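> One structure coming up, written as structure tokens, with questions to follow.
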Amino acid sequence: MKKSLLKIGKVLLGTTCILFLSLLLWANWNERTYTEKIVGDTRFMSYDISAAPLDDVSSLEKKISLIKGVSSCSINTGTKIAGIIFYTDMLSSDQLQESLTTLLQHPVTEKAIPVKSGGCPVGGITYFMLGLKEALCFRS
Amino acid sequence: MKKITFVLAATVVASLAGITACKKKTVTETVYVDNTPPPGPPSLYTRLGGVSAITLVTDKFINNCATNSFIGPRFAATASDPNRLRVFRFNLIDQICAGSGGPCQYKGVTMLQAHQGMNITNAEFDTLVGQLVKAMTFYNVPASEQNELATILLPMRSDIVGH
Ligand code: HEM
């Protein structure tokens, strides 16, 4: 009984190791593309900025874009939502929200953009696997 | 047990062999990409300012689309998922970079495949093009370069609209 449990444990451990190594191999098999080598990873966040004055949106977008780590800012004056794309290795979402509050001198809160069906038909598992691939890839 | 050890060892050796084998390629390709002087007049890619400028414009473009009241909801799911945004953003940068004569290679699916089942309308397409123009204007891309890029992207309408 003890012997067969030990055997099962060893087989399970072996299978897990092989699975992990296969994932590692898959993640590192392809060379990073030219763009992936030189362009950093980003995230998108959207904020309700209705408390802030929006009379000169263009210069406000420019000011927000100048926050260290922010790649771009777009403001919709109708919905009063600011979309921000920022580099994840330079800025966290908490730091971004703090910087925005300081810059606008008004509290900003996260506000999601409504989703329309009829977007990309590819399932979320594909993107999860691609995220896992990126996390396991150590090629520079 | 011996068998498992053998399989494990073989996998490790295969992994290392695969990784080092492809690493050699990296060097050759980077040298080719970075050091080849462009023959003739500068490409649109060079005039746009290379990958870093294209990335700035692309980020502004994606952001404009995501926050736009009309087409934003189409992009909301993509923008809010970092893994999905990563694929979409890199594909878009590569598409503009490669289309304008840069060293990138577009590795995404065809425009027909990417937009299949979305039933995109002409009005949505025009709005999206408007957001690209807005992004280029924001970064002071000259009108001639804007028109050249539009000439590359606009013929894609028939593969994108109405499928
Ligand atoms: C010239 C116009 C356009 C170009 C160059 C373009 C380019 C692209 C590219 C490169 C992709 C990624 C393909 C891949 O992942 O393999 C994509 C996906 C997508 N496009 Fe477009 N597109 C255009 C027009 C439009 C329009 C008008 C809409 C809707 C209003 C739209 C909505 C989408 C969506 C929702 C995705 C899927 C994003 C995801 O994978 O999550 N596109 N497009």
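> Just to check your reading of the model, which residue among B:Val161, B:Val109, B:Val129 is within 9 Å of the ligand (Cβ to nearest atom) and touching a helix residue (DSSP H, G or I) at 6+ places or on another chain (Cβ under 6 Å)?
Answer to the selection: B:Val161.
> Within the group B:Val51, B:Val57, B:Val12, which residue is β-branched (Val, Ile, Thr) and modelled with pLDDT under 95?
The unique qualifying residue is B:Val12.
> Could you check A:Ala52 against (1) buried (at least 16 other Cβ atoms within 10 Å of the Cβ); (2) small (Gly, Ala, Ser); (3) modelled with pLDDT of 95 or more and say which number it fails?
For A:Ala52, the failing item is (3).
> Is at least one residue of the range B:62-74 facing another protein chain (nearest Cβ under 7 Å), assigned to a helix (DSSP H, G or I), over 11 Å from the mean Cα position of the chain (by Cα) and near the ligand (Cβ under 8 Å from one of its atoms)?
yes
> With the requirement that a residue be near the ligand (Cβ under 10 Å from one of its atoms), buried (at least 20 other Cβ atoms within 10 Å of the Cβ), more than 7 Å from chain A (Cβ to nearest Cβ) and not hydrophobic (A, V, I, L, M, F, W, C), what does the range B:90-105 give you?
B:Gln95
> Residues that are away from chain B (no Cβ under 11 Å): find the helices (runs of 4 or more DSSP H) completely inside the range A:1-94 holding 2 or more of those.
Per the criteria, A:2-29, A:57-65.
> Determine, yes or no, whether B:Ser43 is closer than 22 Å to A:Lys62 by Cα and either among the charged types (D, E, K, R) or more than 12 Å from the ligand (Cβ to nearest atom) (or both).
no
The values are calculated or read from the model by the stated rules, or taken from the named source; none is laboratory data. The model shown is predicted, which means the values in this text are computed figures rather than measured ones. Glycine gets a Cβ as well: all are built from the backbone with ideal geometry, and neighbour counts include every protein chain shown.
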